[in-house]
Amino acid sequence: MYLQAQQTLAAALQATLRTLYNLDLAQFAIEQPPEMRFGEYALPVALKLAKELRKAPRKIAEEIVAGLGTVPGFAGFEVAGAGYINARLDRSAAVRILAEGTPELIERTPQHALVEHTSINPNKAAHVGHLRNAILGDTFVRLLRATGDQVSVQNYIDNTGVQVADIVVGLEHLLGLSLGDVEQWIAGLAERIDFACWDLYARTSQWYTAGSPEENAARKQLRLDTLHRLEQGNNPTAAIAERVATLIVRRHLETMLRLGITYDLLPRESEILHLHFWDAAFVQLKETGVLRLETAGKNTGCWIMRRANTEGVAEGETDEEAKVIVRSNGTVTYVGKDIAYHLWKFGLLGKDFGYNPFFRYPSDSGHPTCWITAEHGEAEHPHFGGADAIYNVIDSRQSDPQSNVIEALRGMGFAAQAERYTHFSYEMVALTPRCALELGYEVAEADRARAYIEVSGRKGFGVKADDLIDRLVAATRAEVDERNPELSEVNRAQTAQQIAVGALRYFMLKFTRNTVIAFDFKDALSFEGETGPYQQYAVVRTRSIFRKANASPAAVLAEAATLDLAAHLDGEAGDSIWQVWLRAAKTGLVLEQCRDTAEPAHLARHCFLLAQEFSAFYRKHHILTEEDPARKTLLLATAAIAEQALVRSLAILGIEAPAVM
RNA sequence: GCGCCCGUAGCUCAGCUGGAUAGAGCGUCCGCCUCCGAAGCGGAAGGUCGCAAGUUCGAAUCUUGCCGGGCGCACCA
C-alpha cells in the first residue's frame, strides 16, 4: 500500500514540477522520515532544485506544496526544516485499504529465474557455512516467487571433482576397500555416511602430506589418477564414487529439508562431461574469438581468455594474466566447464541433459520431486534450463571465476544474459576461537586473538549442520516442555522444531551478505532479542488474542474496513496504532528493495521491526477490555494486520509461527 | 604487487538512491507479572562513525590518499 501511494505522490509531484517550473524530473528521492511527526514521506526535492532555480529552498517547497493541492490518499503536505516537503497519508483511508486486503500490484513482467544454491561437494557432511548458503538461497527463491517470478531451484553436484576423489582414495587406499567391500562398509557404518566421510576426508587430506617426500608424491599421483578415472566413468573406481556421492547427496537433501529447503534439480558434473557440453561450448567460444590459442609465454599451448577485470593485451602480445580455459594437455578447466553449464542455463548451448526423478519429498512439503541429471533419462520430465535470469549463490571467494564466466558470455555476444547473471555472493561463516576450543579443536596461539577462524573441510574443522540443528531442537524442546507441559508429545516436538528452524534461519539472515559471520553457539542458540523466536512469539500473542476474543483476523479486518476510524488514529494513542499499520504497509516496498539489491537481510530487519512495533502497541493498548466497540475493532484489526504481515514476511524467510510456544 | 570486501557503542551488527537529534540486539545497572503469554516491556549508562584532505547548502554514506584487518589473484575444483 505504501509503495502505491508513493507512486501516486511521485506522479503528482512530477505534474506539479512541470506546471510550475516546466521541469521534467524522471528520478527524485522519496525518503522515509525519521520520525512519525514528519509524516510518511519526505521530499528533499526543493533542496535539490534551489541552485537550478536560484530560489531559497523553503520558497520552492512552499510553491510546490501550493501547487500539489490535494492528492488522493493524502491528508496534506507541509514544509519543514530547511526546505523539506513532508507528506502525510490519510490514515483512515490507508487503514481501510490495508484492511480490505487489496494486493499490492507491482508492474513487472514475470521472469523465469534460476537460482543455484547449496552445491556442497558430495564427500562429507554439510557444515554451518553450507547452511548460510542454502538459507540465503532458499530465502531468495521465496522472495522471487513472492514478487511474481517462476523460479527453478538447482543444486549443482560436483560428483567428479577432487573432493570426491579424495574420499575414494581414502576408501580404496587407506581402508583398502574394493567396490564390493564398499557396500559392506556402508552397511556396517555405526554413523551416517556423511559423518563417516567427514572424518575420512580429513584423514585422507592429511595423508597426502604425512609421508616421506617420495611417498607424498606417489599419494598425490594416486589422487590424480583417481580423479581421471572419475571423469572417465565406467570403471570400479568411478562406481565407488557414484555410490558414495549419491548417498551423501541424499543426506544433504534430508538435512536441508529439516529447514524447509527443497530443490527442483540436481545438475551433475558427470553429465556435463559425458554429454560433451564442453565440446559445444568450445565451438562457440572459438567462433566468437573469446578463446585464442596461446603461442608464447607460460601458457604456450593453452586456449586462454582475457581475465575479467584486466586490461588484456594488444594483438600479438602475450597476456600473462590470461585465464587458461583449455590446458596444454587438452583437458578443460573448471571455468571452461562452468561456461558450458551456464550456456545451458540460459538455453544457449543447443544441448540438454537427460533427467530422472531422484528424491521424493513428503506430501506436506508442497514440493513433489527433486530430479537429477542423467545421460539417458525418462522421456517425460519437467523443462529445466532456458532461464531469463540466473542467480548463483556462491561465496565471495569465488567471485573471480564467476566474473570470468560472465565475461565469457558477454564476449560471446550474450550481453543481455551477462546482465542477468547475478553472482549472489556472501561471506563465509567462520568460528570464533572460543567456539573452536569448546568443540575440542586445537587452536594455534596466533589464532586465539583473532576474531574468527575459517572452517576447513580438509582439516575436519567446523560445525556440522545436523549437529547444530540437533542442539537447537534440544534447546527449544526443553523450553517448550517447560512452558507448555499440557501439549501433546507430537505437538511439542513440532513446536520445538519450528522454533529451532526460526532461530537458525533468522540468525543466518539477519547479517547482510558481505558480513563474515563469526559463529558461536551462544549467539546461535539465543532465543531472546533480535531472534526468530522473538518474532514467532509476537505472532503467538496475536493468536492468543484471537482465541480469547473468539474472532478471526480475516473477519476483524473485514469489519474494520467498513468503519470510519479516523478519530482513533490521531494523537499520541493514534500514533502507536498507526505505527503498526504503516510498518505492515511497507512490506511491499521492502520486498522490492530486497529483490533489487538481492539482500534478504532487509526483510529480516523488517520482520523484526514489525514484531517490535506490535509489542509496543500490545503494551500500550489493552485490546480485550476495550469498551468502545469501534475502537475495539480497530485494536483487534491492528493485531490482525500485524499477524498477517508478520506471518507473510516470516514465511518468505522460511520461518513458521506456531499456534503456541 | 594487483583486484574485491570490511573498519560505526564494551561485544555482535543495521544504517535504502548523500539529508532532519547516528540506531538495534547482547552485556552492565535500575525497574515491571492480583489486567490480553515476562521467549515480553520500560528506563539509565555507553559513540572523535579508523585517520586526513576533497566534492556539497549538507557526508557514517560520494572521491582521493594513508593506517589496520579479511579474501581472492593455478595448465585445483
Checklist line | Residues satisfying the stated conditions in the range A:555-603, i.e. on the phi < 0 side of the Ramachandran plot, of a type outside the set (Asp, Glu) and free of Cβ contacts under 8 Å to residues at least 60 places away in the same chain | finding: A:555, A:562, A:567, A:573, A:576, A:590, A:593, A:597, A:602
Check: Scanning for something within 16 Å of RNA strand B (Cβ to nearest atom), assigned to a loop (DSSP other than H, G, I, E, B), of a type in the set (Asp, Glu) and closer than 28 Å to residue A:369 by Cα, does the range A:180-200 turn up at least one residue?
Finding: no
Next item on the list: Considering each residue of the range A:539-559, count those that are part of a helix (DSSP H, G or I) and within 16 Å of RNA strand B (Cβ to nearest atom), and give that number.
Entry: 13
Item checked: Number of the exception - residue A:652 against (1) near RNA strand B (Cβ under 10 Å from one of its atoms); (2) under 16 Å from residue A:141 (Cα atoms); (3) in contact with a helix residue (DSSP H, G or I) (Cβ under 6 Å, 6 or more places away or on another chain) -> (1)
Checklist line | When residues of the range A:618-649 are limited to those that are more than 10 Å from RNA strand B (Cβ to nearest atom) and outside any helix (DSSP H, G or I), the one surrounded by the fewest Cβ atoms within 10 Å (Cβ to Cβ) | finding: A:627
Next item on the list: Keeping to the range A:475-497, report how many residues are surrounded by fewer than 22 Cβ atoms within 10 Å (Cβ to Cβ), within 11 Å of RNA strand B (Cβ to nearest atom) and in contact (Cβ under 8 Å) with a residue 24 or more places away in the chain.
Entry: 5
Next item on the list: List the number of the failed condition for residue A:515; all other conditions in (1) surrounded by fewer than 17 Cβ atoms within 10 Å (Cβ to Cβ); (2) within 20 Å of the chain's Cα centre (by Cα); (3) closer than 19 Å to residue A:645 by Cβ hold.
Entry: (3)
Check: When you look at residue A:146, is it of a type in the set (A, V, I, L, M, F, W, C), away from RNA strand B (no atom under 16 Å from the Cβ) and within 19 Å of the chain's Cα centre (by Cα), yes or no?
Finding: yes
Notebook entry, point to check: Are any of the residues in the range A:312-319 within 11 Å of RNA strand B (Cβ to nearest atom), surrounded by fewer than 18 Cβ atoms within 10 Å (Cβ to Cβ) and over 20 Å from residue A:232 (Cβ atoms)?
Noted result: no
Note to self: Six or more apart or on different chains, Cβ atoms under 9 Å: show the pairs whose first residue is in the range A:61-82 and assigned by TED's automatic domain parsing to the domain that holds residue A:20 and whose second is of a type in the set (Lys, Arg) and part of a loop (DSSP other than H, G, I, E, B).
What the structure shows: A:63/A:55
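Condition check ((1) within 16 Å of RNA strand B (Cβ to nearest atom); (2) surrounded by fewer than 20 Cβ atoms within 10 Å (Cβ to Cβ); (3) within 18 Å of residue A:385 (Cα to Cα)) across all residues:
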site	(1), (2), (3)
A:261	no, no, no
A:269	yes, no, yes
A:272	yes, no, yes
A:276	no, yes, yes
A:279	no, yes, no
A:289	no, yes, no
A:297	yes, yes, no
A:300	yes, yes, no
Next item on the list: Within the range A:403-453, count every residue that is in contact (Cβ under 8 Å) with a residue 60 or more places away in the chain, over 22 Å from residue A:135 (Cβ atoms) and in a helix (DSSP H, G or I).
Entry: 11
Next item on the list: Would you check if residue A:175 is buried (at least 21 other Cβ atoms within 10 Å of the Cβ), touching a residue at least 12 places away in the same chain (Cβ under 8 Å) and more than 15 Å from RNA strand B (Cβ to nearest atom)?
Entry: no
Margin query: I'm trying to understand the selection: among the residues of the range A:127-169, which are in a helix (DSSP H, G or I) and without any contact (Cβ under 8 Å) to a residue 40 or more places away in the chain?
Written below: A:141, A:145
Item checked: Failed condition for residue A:534, given (1) among the hydroxyl-bearing types (Ser, Thr, Tyr); (2) crowded, with 17+ Cβ neighbours inside 10 Å; (3) more than 8 Å from RNA strand B (Cβ to nearest atom) -> (3)
Notebook entry, point to check: Does the range A:20-58 hold any residues that are assigned to a loop (DSSP other than H, G, I, E, B), more than 8 Å from RNA strand B (Cβ to nearest atom) and of a type in the set (Gly, Ala, Ser), and which are they?
Noted result: A:26, A:56
Notebook entry, point to check: Among the residues of the range A:295-309, is there at least one that is within 30 Å of residue A:150 (Cβ to Cβ), of a type in the set (Phe, Trp, Tyr) and either modelled with pLDDT under 95 or touching a strand residue (DSSP E or B) at 6+ places or on another chain (Cβ under 7 Å) (or both)?
Noted result: no
Note to self: Tally up the residues in the range A:332-376 that are away from RNA strand B (no atom under 16 Å from the Cβ) and assigned to a strand (DSSP E or B), please.
What the structure shows: 12
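The values are calculated or read from the model by the stated rules, or taken from the named source; none is laboratory data. On a predicted model such as this, the values are computed, not experimentally measured, just so you know. Reconstructed Cβ throughout: ideal geometry from the backbone, glycine too, with neighbour counts over all protein chains shown.
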